[in-house]
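In what follows, a single structure is set out as structure tokens and then discussed.
Computed from the coordinates by the stated procedures, all read-outs in this text should not be read as laboratory data. Quantities reported herein were computed from a predicted structural model and do not represent experimental measurements. In this analysis, Cβ positions are derived from the backbone assuming ideal geometry, glycine residues included, and neighbour counts consider all displayed protein chains.
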Amino acid sequence: MIRVIIERQIAQEMERTYEEHARQALKNAIEIPGFVSGESLKDERDPNHRVILSSWRSAADWYRWQGSPERREMMARIRPMLETDERIVVLDYALPTGNL
């Protein structure tokens, strides 16, 4: 399993619209092959800074979703609400799980 961190900076006055789109995107993600779980978090000090944490069965599943026409369409709707491009970090376990 891998984890993906997506950081987004929402433009002023776009929070509510962004949240509607992000909520729908998370609902859609449940149907994506390889998607395990996801959550959307808001920075305590900067409510326009959002962090999406998701878990995927494999990196291949994530990259398939990242390059899919469905995600491109979703991002076409969300991108105008962002001040900067989203930042994505794909993380794999450095140590085998269960050995800590």
Helix 15-29: angle to the longest alpha-carbon principal axis of the chain, degrees 0 to 90, nearest 10?
-> 30
Loop only per DSSP, at most 13 neighbouring Cβ atoms within 10 Å: give me the trypsin sites (Lys or Arg not before Pro) in the stretch 13-100, ordered by residue number.
-> 45, 57
At what distance in angstrom do the alpha carbon centres of the stretch 14-42 and the stretch 48-100 lie from each other?
-> 11
Normalised by the number of residues in the chain, what is the relative contact order in percent for Cα pairs under 8 Å and 6+ residues apart?
-> 45
Just subtract the alpha-carbon distance of residue 90 and residue 77 from 0.36 nm times their residue separation and send over the number in nm, one decimal.
-> 2.4 nm
Based on the Cβ-Cβ distance of residue 53 and residue 31, what FRET efficiency does E = 1/(1 + (r/R0)^6) give at R0 = 22 Å, to the nearest 0.05?
-> 0.70
In what sequence do 84, 17 fall when counting other Cβ within 10 Å, fewest first?
-> 84, 17
Counting other Cβ atoms within 10 Å of each Cβ, which GluC sites (Glu not before Pro) in the stretch 19-100 have at most 16 and sit in a DSSP loop?
-> 31, 44, 83, 86
Stick to Cα atoms and the Kirkwood definition of Rh, then tell me Rg/Rh for the chain.
-> 0.99
Efficiency by 1/(1 + (r/R0)^6): what FRET value for residue 14 and residue 68, r their Cβ-Cβ distance, R0 = 25 Å, to the nearest 0.05?
-> 0.55
